[in-house]
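A short write-up of the structure that comes next.
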């Protein structure tokens with residue numbers, strides 16, 4: 001396992017590097033988020049151990065930048081900040097795991113082994129299809145530079161479409177993905193909300209991104225319309 005340790009505190013960075021090396025792994029150290037980004041772009045790593053409190057750009061911004069640059073190496077956030085909102089922010093920026101200091105080195109290595117077993121897969125924190133962008137964590141969406149004012153249900157529908165561009169989604173699939181089980185499957189609620197969504201995502205921009213597939217359902221064009 002080859003690990004990139006992003007830690008600005010020399011003593012802890014040295015301990016982590018030495019421990020990983022003694023455990024039979026290869027470890028490089030980056031003292032800042034900026035260094036971590038170019039190192040991760042320059043060499044293949046199986047895992048990244050990323051401290052939150054860093055000079056320059058912090059761990060959250062570093063993880064966000066890695067995902068923006070399409071570095072999908074599993075990231076374990078390592079920090080003394082144990083508030084729930086900090087853990088949520090770390091995971092929402094694209095991290096895969098979160099370990100709070102002080103920690104057991106054995107647990108750290110076990111978590112890294114588990115992460116390394118996963119094949120790196122694309123998991124951007126912001127979903128993009130053409131000039132449509134959607135941030136699930138912030139609950140915000142844009143067409144080009146213009147932010148879209150969407151209701152909760154409209155946002156949920158758009159997210160379903162954007163995670164499967166070019167795929168025809170049945171009304172039942174859309175209903176199950178955006179509504180709870182209290183809704184009757186015979187209801188035309190999906191068609192109503194697709195019209196609402198088109199009125200905000202397509203019509204003001206003279207687009208036709210959300211297509212009707214007659215007798216089946218709807219799909220979002222792969223180019224975003």
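The values are calculated or read from the model by the stated rules, or taken from the named source; none is laboratory data. The structure presented is a predicted model; accordingly, all values stated were derived computationally and were not measured. Cβ: placed from backbone, ideal geometry, glycine included. Neighbour counts: every protein chain shown.
Numerical summary
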| item | result |
| --- | --- |
| The stretch 31-56 residues that are assigned by TED's automatic domain parsing to the domain that holds residue 100 and free of Cβ contacts under 8 Å to residues at least 40 places away in the same chain, paired with ones that are in a loop (DSSP other than H, G, I, E, B) and surrounded by 23 or more Cβ atoms within 10 Å (Cβ to Cβ) (beta carbon under 7 Å, 6 or more apart) | 32/54; 33/54 |
| Sole exception among (1) within 25 Å of the chain's Cα centre (by Cα); (2) modelled with pLDDT under 90 for residue 189, by number | (1) |
| Some residue of the stretch 145-154 being within 22 Å of residue 70 (Cα to Cα) and not assigned by TED's automatic domain parsing to the domain that holds residue 61 | yes |
| Selection status of residue 147, within 20 Å of the chain's Cα centre (by Cα), closer than 16 Å to residue 224 by Cβ and either modelled with pLDDT of 90 or more or assigned to a loop (DSSP other than H, G, I, E, B) (or both) | yes |
| Among residues of the stretch 40-52, those that are touching a strand residue (DSSP E or B) at 6+ places or on another chain (Cβ under 8 Å) and over 10 Å from residue 6 (Cα atoms), counted | 6 |
| Output for the stretch 168-182, where each listed residue is at pLDDT 85 or above and either surrounded by 15 or more Cβ atoms within 10 Å (Cβ to Cβ) or within 21 Å of the chain's Cα centre (by Cα) (or both) | 169, 171, 174 |
| Exclusive hit being crowded, with 16+ Cβ neighbours inside 10 Å, at pLDDT below 90 and outside the structural domain of residue 162 (by TED's automatic domain parsing), set 97, 82, 92 | 92 |
| Pair list, Cβ under 7 Å, 6 or more apart: the stretch 142-161 residue more than 18 Å from residue 130 (Cα to Cα), other residue surrounded by 19 or more Cβ atoms within 10 Å (Cβ to Cβ) | 150/141; 150/158; 153/178; 153/193; 154/193; 154/197; 156/178 |
| Within the stretch 1-111, helices (runs of 4 or more DSSP H) holding 3 or more residues that are under 21 Å from the mean Cα position of the chain (by Cα) | 33-42, 59-68, 84-92 |
